[in-house]
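See below for the structure under consideration.
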Amino acid sequence: SPEKKMVLLLDEYDKPLLGHLGTPEVTKFKNALKEFYSVVKTQEGYQRFAFMTGVSKFSKVSIFSDLNNLIDITMDARFATLFGYTREEVKANFPGCLTELAEANGLTGDDAFAKLEEMYDGFRFEESAQRVFNPVSVGKCLSQKKFGSFWFETGTPSFLVDMLKRDPLEGGEVDVPTSDLSAAYEPEQVSMLPLMVQTGYLTIKGAERQGETIMCTLGYPNREVASAMSHYVALGFSGLPRSEFGDICNEIYAGLRAGEVDEVMEGLKCFFENIPYDL
């Protein structure tokens with residue numbers, strides 16, 4: 001009977017692939033997942049509902065050729081605010097926490113909320129949708145009563161930096177058609193821009209219709225993400241050990257505060273000396 005049907009929830013469906021994107025090894029993981037999801041399809045008569053989440057959007061041909069009745073809600077306006085907090089939701093549900101955050105940091109209520117927006121807001125999952133806050137970062141900020149860089153704690157996949165080394169992106173904002181954002185790709189041939197959007201490092205900052213095409217301007221969603229991206233790119237491209245990287249960052253900051261140009265330049269040289277000239 002319908003009452004006895006199961007609900008199937010799959011989180012991070014693509015996890016086995018992420019460490020091998022763009023490499024020959026990814027094919028065997030792709031084939032294994034394809035076999036697994038074909039079984040899910042054969043058992044759909046027992047399922048009332050199935051819901052899957054993941055970082056990447058791989059083509060149905062590569063993994064879901066058998067499970068071909070999925071409905072993709074990645075860029076669907078009806079669900080665009082489902083996985084984050086809107087401004088109204090933060091203000092309505094956390095008034096006491098917002099007051100405590102402001103008091104703990106010596107700020108007015110309006111200034112504390114403005115900083116919360118600057119740090120953790122800005123994600124847009126459809127070109128005309130409301131922006132949403134990262135709920136994990138907001139929760140930790142309100143709990144600890146401080147504006148931390150909590151994005152680091154979620155762990156940036158090392159494969160992103162490895163792929164940027166092979167296929168660098170231009171800095172700053174970039175304009176792309178909406179079709180590029182919802183495009184699926186093969187695990188062997190990854191498209192960097194959709195992947196950066198899907199992993200949260202880029203988001204829609206604005207949109208403009210050009211004839212039949214909607215062009216989206218992409219950029220960092222907020223200060224927290226921009227800071228994390230800069231950190232991981234500098235660490236990955238410099239080739240420095242993590243401990244040495246931190247020490248050099250501190251030396252550069254100290255040199256900047258003291259106005260010691262030579263000290264700052266020495267630190268920058270350590271970053272750039274291992275980066276190939278042909279990049």
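The values are calculated or read from the model by the stated rules, or taken from the named source; none is laboratory data. Everything numeric in this text was worked out from a predicted model, so none of it was measured. Here the Cβ is made from the backbone with ideal geometry for all residues, glycine too, and neighbour counts use every protein chain on show. We work out accessible area using only protein heavy atoms, side chains counted, and drop any ligands, DNA or RNA first. Shrake-Rupley method; radii C 1.70, N 1.55, O 1.52, S 1.80 Å.
Listed values, structure above:
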quantity: Separation between Cα centres of the stretch 188-240 and the stretch 64-86, rounded to whole Å; calculated: 20
quantity: Heavy atoms of CYS97 accessible to a 1.4 Å probe, total area in Å² rounded to 10; calculated: 50
quantity: Which label in (i) 61; (ii) 53; (iii) 67 gives the computed percent of Cα pairs over 22 Å apart; calculated: (iii)
quantity: Surface share of carbon and sulfur [accessible, 1.4 angstrom probe, percent] for the chain; calculated: 53
quantity: Length released on extending from ALA226 to TYR277, taking residue separation times 0.36 nm less the Cα-Cα span; calculated: 15.9 nm
quantity: Label-point separation in nm, LYS34 to THR217, each point 7 Å along Cα→Cβ; calculated: 4.2
quantity: Relative contact order (percent, whole number), the chain, Cα cutoff 8 Å, 6+ residue spacing; calculated: 18
quantity: Cβ-Cβ FRET estimate between ASP76 and GLU12, R0 fixed at 25 Å, reported to 0.05; calculated: 0.80
quantity: Residue among PRO221, PRO95, PRO177 with the largest mean-square fluctuation in a Gaussian network model of the chain, springs linking Cα atoms under 10 Å; calculated: PRO95
quantity: Loop-located GluC sites (Glu not before Pro) in the stretch 190-262, at most 12 other Cβ atoms within 10 Å (DSSP); calculated: GLU212
quantity: Loop trypsin sites (Lys or Arg not before Pro), the stretch 224-279, which have at most 13 other Cβ atoms in a 10 Å radius of their Cβ (DSSP); calculated: none
quantity: Calculated from backbone phi, Karplus (6.51, -1.76, 1.60) coupling profile of the stretch 9-24 in Hz, x at Gly/Pro; calculated: 10, 10, 9, 6, 4, 9, 3, x, 8, 4, x, 10, 4, x, 10, x
quantity: Rounded to the nearest 10 Å², the accessible area of VAL40 at probe 1.4 Å; calculated: 20
quantity: Spatially close lysines, pair count over the stretch 16-138: Cα under 20 Å, gap of eight or more or interchain; calculated: 10
quantity: Separation of the GLU153 and PHE83 label points, Cα + 7 Å toward Cβ, nm; calculated: 2.0
quantity: Taking the stretch 81-159 and dividing mean pair separation by its residue count, relative contact order in percent (alpha carbons under 8 Å, at least six apart); calculated: 34
quantity: Label-point gap, in nm, between GLU25 and ALA254 - each point 7 angstrom along Cα→Cβ; calculated: 3.9
quantity: Per residue, in Å², the accessible surface of the chain once ligands and nucleic acids are set aside, probe 1.4 Å; calculated: 58
